[in-house]
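The structure appears below as structure tokens.
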Amino acid sequence: MRVVCLSKRKRIFHQLHTHLPPILLVSFSISSNSLSSSLPFYPTLHPCLIEIANMLERMDERLDPVAVIEEFEALTRDAGRIQRETLQKILEENGETEYLRRWRLNGRTDPDTFKACIPLVSHKDLEPYIQCIADGKNPSVLTGKPITTISLSSGTTHGKPKFVPFNDELMESTMQIFKTSFAFRNREYPIGNGKALQFIYSSKQFKTKGGLTAGTATTNVYRNAQFKKTMKVMQTPCCSPDEVIFGPDFHQSLYCHLLCGLIFRDEVQVVSSTFAHGIVHAFRTFEQVWEELVTDIREGSLSSRITVPSIRTAIARLLKPDPELADSIYSKCAGLSNWYGLIQELFPNTKYIYGIMTGSMEPYLKKLRHYAGELPLLSADYGSSEGWIGANVNPKLPPELATFAVLPDIGYFEFIPLKEDISEHEQERPCKLSAEPQPVGLTEVEVGEEYEIILTNFAGLYRYRLGDVVKVKGFYNSTPELQFICRRNLLLTINIDKNTEKDLQLAVEAAAKLLAEEKLEVVDFTSRVDFSTEPGHYVIFWEISGDPRAEILQECCNCLDRSFIDAGYVSSRKVNTIGPLELRIVKRGTFHKILDHYVGLGAAVSQFKTPRCVGPTNSTVLQILSLNGVKSYFSTAF
Ligand code: AMP
């Protein structure tokens, strides 16, 4: 018998208080310190304790949402104090590193000294230090405990993946965030024992020059034993075997995820992926391959498109001829109208669909809702390869309104206010991206204001500009609830105009309504600034689900141009210091090629976010877009 681990005594006591009669509680309290050691020796003397231990072992297999929520309540009640303590802990653990000694903290750990001594940095500033770790020259240059793993951020915003340090503390905070939002989710949408159809992919880990393990952040998480354990206690183990998740070819992994989901279709309770794009992409693929999947199930043999031997062996263990299941899936699919409600039909016991649906994922919501039918869409948490920030503790809010309550013990957070800067030319729509006042602390932010977020974590990042803009929507106890607005650096700008990813998204949404009237949709989109013409102009690339008439696309193009309401843009367009916006239609499958390109660079499909603005140096993506161009329209709106 494995006696339950007592290291989490607080949680266990809570469980006891809520589940056991007082008499057993007394007995347990007396013996709890020595329970694990005494049990094997005195089993007959403590029958009630054996019973308790067995019960706790069973409980340990499940997460106790009440206890998790209580812990979160306690943490957020005095977020200011927790922040000071967290900073103190980070600086005590790492104060002797070369990086922190350089800034002469001299052992001080208070926020004022910290802010006065340590500069705000971006990834570029830390790159030499991180490289030094990766090269094995000094693995402790940023942290007291040497860094042994490196994460690669998705790299979809800058064109190539960046290295960031990863360690056990980041892994722990990842699990803490997962458990916190699960506890809140489970309160509203309880799930029983079952499985999750998770479209997760782990790219290969490799060794850096200095021998450190490196992989995308999601890979480092999925490959950690903690991940599987957490999924198990959250009653959502993945349908697919590890060989599928860790397969070398994501097209084959995706096919097999779908197949495993169908095999376990009655057990599936949650359909998820890290980013919503992953779910939409999976079911778009399903539309193409569903008959092949049905054949595999009918015959109990795997399609020849799967060539990776380890995946074939793993799937062979699950796949048996099941004509009844094949018939049922066939008739469900054949009965659908334009695939509406596909997920619900295929997986009838699904309680919700889960993944990051905010920010650059919003454009996929329409399609996701279409596949989901009546199933609720629950937006996942907010974080990055550099560290987690907040949990979605209001799962009932629609994704468009989702907020993230900051966990005050996983890092030290600062916020640069992006105050309105209403200049003479910009009165129609104030620009929030020009001012740069001093950062404020976590509990000093104001509701309704926008901020750039600054992160200090347990993995060697100090006052690190994450590059994200967030808006404070309210407070949970004393910790702010943030709404993700956009990446700060994703600006379409030619002269005095400034348009963010969000502005682009709103413009595309407005123009896509014209397509929707024709029963067509924008499959994906991106943009660039074209300076090769005089004056320069914005180019918006669209992949469309069909072939609309030219007049419709011309209208869409005009609508896009009019929808950028930034005052700098509008005034420049009026005086032609910015040229007419260009809408360029690309071939079907172009964005798939872009995804393949990033995956080839080492990005994980799990972390993939279509770059919404392609910089002039991103020549491969520019080339893919240019080679796949079908037609161009220029705006006549001004
Ligand atoms: P990565 O580079 O793959 O680590 O991606 C991290 C970035 O993804 C963050 O800095 C955000 O810009 C974006 N992101 C992560 N979580 C969310 C979320 N919940 N909503 C919107 N954007 C997010």
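The values are calculated or read from the model by the stated rules, or taken from the named source; none is laboratory data. It should be emphasised that the depicted structure is a prediction, and the values quoted were computed from it without experimental measurement. No Cβ is skipped: glycine too gets one built from the backbone with ideal geometry, and neighbour counts run over all protein chains shown. SASA here: full protein model, heavy atoms, side chains in, ligands and nucleic acids out. Shrake-Rupley method; radii C 1.70, N 1.55, O 1.52, S 1.80 Å.
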Residues whose placed amide H lies under 5 Å from that of V440, excluding near-sequence neighbours: F415, I416
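At a threshold of 8 angstrom on Cα-Cα distance, excluding pairs fewer than six apart, so keeping six or more, what relative contact order does the chain reach in percent?
Relative contact order for the chain comes out at 13 percent.
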Net charge dipole size for segment 285-404 [Lys, Arg +1 and Asp, Glu -1 on Cβ; Debye, nearest 20]: 120 debye
Summed side-chain charge close to S331 - residues other than S331 whose Cβ falls under 15 Å, Lys, Arg +1, Asp, Glu -1: -2
With DNA, RNA and ligands ignored, accessible area of L75 (1.4 Å probe; Å², nearest 10): 30 Å²
Assigned charges on the beta-carbon of Lys, Arg, Asp, Glu; the chain dipole about Cα centre (debye): 1220 debye
Added length on full extension, which subtracts the Cα-Cα distance from 0.36 nm per residue, R588 to Q131: 160.6 nm
Segment 192-340 - charge dipole about Cα centre, Lys and Arg +1 at Cβ, Asp and Glu -1, debye rounded to 20: 820 debye
Label-point separation, E287 to L506 (7 Å along Cα→Cβ), nm: 2.9 nm
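Round to a whole number: what % of the accessible area of the chain belongs to carbon and sulfur, probe 1.4 Å? The partial results should precede the final answer.
On the way: 14020 of 26640 Å².
The value for the chain is 53 percent carbon and sulfur by accessible area.
Kindly identify segment 491-634 as rounded, prolate or oblate by the Cα gyration tensor criterion: order the square roots of the eigenvalues as a ≥ b ≥ c, call it rounded if a/c is under 1.5, otherwise compare a/b with b/c, prolate if a/b is larger, else oblate.
oblate
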Förster radius 35 Å - calculated FRET efficiency between E172 and I565 (Cβ-Cβ, nearest 0.05): 0.20
Cβ-based net charge around E582, under 12 Å, with every Lys or Arg adding one and every Asp or Glu removing one: +1
The chain: translational diffusion in µm²/s, Stokes-Einstein, Kirkwood Rh over Cα pairs, 37 °C, 0.692 mPa s: 123 µm²/s
Per residue accessible area in Å² of segment 190-375, where ligands, DNA and RNA are left out and the probe is 1.4 Å: 39 Å²
Positive minus negative residues near F246 (Lys, Arg vs Asp, Glu; Cβ under 15 Å): +1
A225-S310 FRET efficiency (beta carbon distance; Förster radius 22 Å; 0.05 resolution): 0.70
Karplus (6.51, -1.76, 1.60) ³J(HN,Hα), θ = phi - 60°, over segment 122-127, in Hz, Gly and Pro reported as x: 10, 4, 4, 5, 8, 3
Of Q205, A512, I565, farthest towards positive along the dipole that unit charges on Lys, Arg, Asp, Glu beta carbons give the chain: Q205
Cα-based equivalent ellipsoid, segment 190-375: semi-axes from gyration tensor eigenvalues, Å: 26, 21, 16
Farthest toward positive dipole pole in the chain [+1 Lys/Arg, -1 Asp/Glu at C-beta], among I410, P398, W339: I410
